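Nothing in this text is a laboratory measurement; each read-out follows from the coordinates by a stated rule. A quick note: this is a predicted structure, and the numbers were derived from the prediction, not measured. Heads up, the Cβs are rebuilt from the backbone with ideal geometry, glycines too, and the neighbour counts pull from every protein chain shown.
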Amino acid sequence: MVEQNNFFTSFKISYLVVLTYARRNSAKVFTALLILLLGFFLQFKFEILKFGTNTVYEGLVGTFQEHDLPLEVTRLVSTSLVEVDEVGRAKPALASSWQVNDDATDYKFSLKDKATWIDGQPVKSSDLEFSIPNTTVSFPDDKTIEFKLNESYSAFPSLLAKPVIKKGSLMGTGPYRIKKIEKSRIFITKVVLESPARNLPQVVVRFYPNEKTALTGFALNEIQSLLGISDGAIATSAELKNPLVKLKTKNDFTKIVGIFYNTQDPVLANRSLRQSLSFSAPLIAGQVEANNPYPPFFWAINTDAKDYLGKVDEARGALERAKAAGSSELLNKELVLTTTSQLENIGKQIISAWREIGINALLRVESGIPQKFQALLITQSIPADPDQYFLWHGTQKETNLSKYDQKRVDKDLEDGRKLIKEDDRKQAYLDFQKVLLEDAPATFVYFPKYNILYMKKVENKLNQVLPLQFSALIRE
């Protein structure tokens, strides 16, 4: 009883001391409480202190919704029916095999027998959902998916190289599951992913509207790695001066940097002039040369097609042919190359090379891709399959940027879609490249880098995650 009284007496004295101090120093106490509350808010909102010892914090630039999450996220969550290998061939993944009829309009895919969702439930064909134009999808049984196409399309399997998600959910086959999604209105700001596998770290992905805010987020330690940052942003960033920061680069063969010429323009309708521009376009230091609409290792590459880039003598000869075939007055007019800020430095190199052979060229930098242009320098996504119908066929008004219209190319592209055997398709695409490069409706300059800026301290954990996030066409 005496001990209990002593306890209450000590507690009362301590309470009175704290209360007296608080009254005499109310301003200090209020400030301390305010700082503490602010700290709790910032930690809750931005996770300034990274308590998770086995978590990777990644950043991506772009605006996304649940139905169009980027591949860097969905490849962690699930597998695709088909995967495209390092030379551009479609191979089974979640599907064990597929059959196609003689005119490439009916495809039947069989699922692997032991395929399961990450919760352990078996993958059934009816769990999947596909939205492919001009295609009817049916599920004859739990392990079969049938696609009936309105037109022949031998490249169809490559369209199924997107990770599958269980209908009505965000669940995939793993190795990760989506634990949490945060949004600002309709756009996702953060995704938290976790894996049942103990050897894999948790992954938190934050999304930023532009590269400037993403780099700010990296500097403020909101993220420990920034994926897909452009060369231009890297060049102007101060982060690489930090000895605790490293840069990893991969070659991205899913995209190509090229100059697209408006072939309907009175000046650029001259094929010899387009050849001259292509010959004089410079090789870009540190980049993988393109010179072809396909990656250099593709199974359908034509290594004998016309070779451009960095050939000044050939450029001058082509320019003389252009002058002989066209109006000198037209050729003396200013030629405008339009690009975005991300490629401004590359544009300057190209303009300098063009001026060197006597072309009156001007660089225009715009915030977006214009509807009208003479020459346009952009980064363009390219299909995993050699089929580039939508980029070059004369009927494709929206996606054929050069307004290119060549009947022989149209025929090659049409044949490539109908033929089933790879050798037959290859012959069509070899001819397509030969004619396209001779006509030069575009100059294919290089395959861009995929840059990853990251803190050295997370390198080991990052190396566990990155191989899962990229296809075989993004490689060292």
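Observations on the model:
- The chain: translational diffusion in µm²/s, Stokes-Einstein, Kirkwood Rh over Cα pairs, 10 °C, 1.306 mPa s: 61
- Sorted peptide list for 172-181, 258-267, criterion being average Cβ within 10 angstrom, highest first: 258-267, 172-181
- Classification of the range 165-240 by its C-alpha gyration tensor yields a prolate form. The axis ratio a/c (a ≥ b ≥ c) is 1.5 or more, and a/b outweighs b/c.
- Volume in Å³ per residue [convex hull over Cα atoms, computed for the range 241-306]: 153
- Efficiency of FRET between L283 and D424 - r from beta-carbon atoms, R0 45 angstrom, step 0.05: 0.85
- Only one residue of L413, I259, A428 has its Cα farthest out toward the positive end of the dipole of the range 255-449, where Lys and Arg carry +1 and Asp and Glu -1 on Cβ, and that residue is I259.
- Anisotropy class of the range 79-160 from Cα gyration tensor, a/c 1.5 cut: oblate
- Linear extension gain, N150 paired with T136, 0.36 nm per residue minus alpha-carbon span: 4.2 nm
- 0 to 90° range, to nearest 10: angle between helix 2-24 axis and the chain longest Cα axis: 60
- Between N460 and S110, the simple spin-label model (points 7 angstrom out along Cα→Cβ) gives 4.4 nm.
- Pairwise Cα inverse-distance average, inverted: Kirkwood Rh of the range 224-266 (Å): 13.6
- Most simply put, the range 255-449 has about 65% antiparallel DSSP beta bridges, counting only bridges with both residues inside it.
- In degrees, nearest ten, helix 422-439 long axis to first principal axis of the chain (Cα): 80
- The local environment of I234, defined by Cβ-Cβ distances under 11 Å, has a net charge of -2 under the rule Lys, Arg +1 and Asp, Glu -1.
- Other-chain or far-sequence residues with amide H under 5 Å of L283's (modelled H): G310
- Global geometry of the range 255-449, whether rounded, prolate or oblate, following the gyration tensor of its Cα atoms and the 1.5 cut on a/c: prolate
- Ranking G59, W354, S341 by how far each Cα lies toward the positive end of the dipole of the chain (charges on Cβ) leaves G59 at the top.
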